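The structure appears below as structure tokens.
The values are calculated or read from the model by the stated rules, or taken from the named source; none is laboratory data. No experiment lies behind these values; they were computed from the predicted model shown. Glycine gets a Cβ as well: all are built from the backbone with ideal geometry, and neighbour counts include every protein chain shown.
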């Protein structure tokens, strides 16, 4: 009898990270995969990335909930509405396991539904430390789910300290690394041609999201980054932020700067293209987790702006900067020209695994015993 897995995806980010895992599950004859697709994937202003999922050929179920406004109330309403629709979908699909990744509201909704419907849930990237509402959501998900698949040993230790059963905690690494190890990236000259890049000049890859607990400051924070880009005058690939509160304010600002001759803006970039751009970029700039998790595998310097990734395990590729144009410019130039930093970068090792997460996750999900012990959680203190 096949085991049915339902994965919930709401953003290009979580889907890109999980894509290798989803393909591995889908090709396993003992497993059946379905996706619940919602949120940013359905929004034209963020690239309507559901089309990319359709191209991959997975069986999808569309849950028509989006972020209607650019504020915190819309984020809370989104989670509430998604819980309602997801409950109906789970009743229809009858999954054996609900699969979740990270800390967003879509995943919190999935954890709530799984807990109340008594369906086992599995969670990747738990036990990590960041900041903002993501921190609350991630640890709330940990307390709701049954099976923990953290990326690192330190994360696993935190989960166990939270009272979770060590027998249900498995270190699997970060799924986002799998594609780096296995995907045929676009050749450097081809990606340069596709995006009209000069590989003999510095290239900045920029992705800055709003910080939920600082959403009213999002535009002011982004202005500093855009000022730095304007002053540096390096060729820049600038990707739109996510749909969290403050995201649309950031987009309005980006639209004012996208006419600069050295700046190219994109609502979304396909995963293969994004990794291929990381492979040729000289600096990743912003506050995306890709600077922390994927960039070390490319030995790519990441200028990490602000508080969004505060506390996360990191490699030696990170240079922190505050929301200040001068500080950001100095950090970028350090990444480009500081010989001591560049020497340290050459020895950079990624703390997030070996790129074999897909195999580990699929093995665990296919073999784990779905019994009363897994479902009936107790504080293990």
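Here are some notes:
- Residue selected from the range 348-381 under the condition part of a helix (DSSP H, G or I) and exposed (fewer than 13 other Cβ atoms within 10 Å of the Cβ), by the criterion nearest to the chain's Cα centre (by Cα): 367
- Condition met for residue 18 (assigned to a helix (DSSP H, G or I), surrounded by 19 or more Cβ atoms within 10 Å (Cβ to Cβ), at pLDDT 95 or above and in contact with a helix residue (DSSP H, G or I) (Cβ under 9 Å, 6 or more places away or on another chain)): yes
- Single match in 334, 329 (criterion: in contact with a helix residue (DSSP H, G or I) (Cβ under 8 Å, 6 or more places away or on another chain), part of a helix (DSSP H, G or I) and without any contact (Cβ under 8 Å) to a residue 40 or more places away in the chain): 334
- Identity of the residue in the range 331-344, within 27 Å of the chain's Cα centre (by Cα) and surrounded by fewer than 18 Cβ atoms within 10 Å (Cβ to Cβ), that ends up farthest from residue 206 (Cα to Cα): 344
- Positions within the range 27-47 being surrounded by fewer than 19 Cβ atoms within 10 Å (Cβ to Cβ) and without any contact (Cβ under 8 Å) to a residue 60 or more places away in the chain, in sequence order: 27, 29, 32, 42, 44
- Among the residues listed as 306, 355, the single one being touching a helix residue (DSSP H, G or I) at 6+ places or on another chain (Cβ under 8 Å), within 30 Å of residue 170 (Cα to Cα) and touching a residue at least 24 places away in the same chain (Cβ under 8 Å): 355
- Listed by position, the helices (runs of 4 or more DSSP H) enclosed by the range 123-241 that each have at least 2 residues that are more than 19 Å from the chain's Cα centre (by Cα) and under 24 Å from residue 267 (Cα atoms) are 188-194, 218-232.
- Residues being part of a loop (DSSP other than H, G, I, E, B) and within 25 Å of residue 215 (Cα to Cα) - total across the range 254-305: 7
- Qualifying residues in the range 84-110 (those that are in a loop (DSSP other than H, G, I, E, B) and touching a strand residue (DSSP E or B) at 6+ places or on another chain (Cβ under 6 Å)) - the one surrounded by the fewest Cβ atoms within 10 Å (Cβ to Cβ): 96
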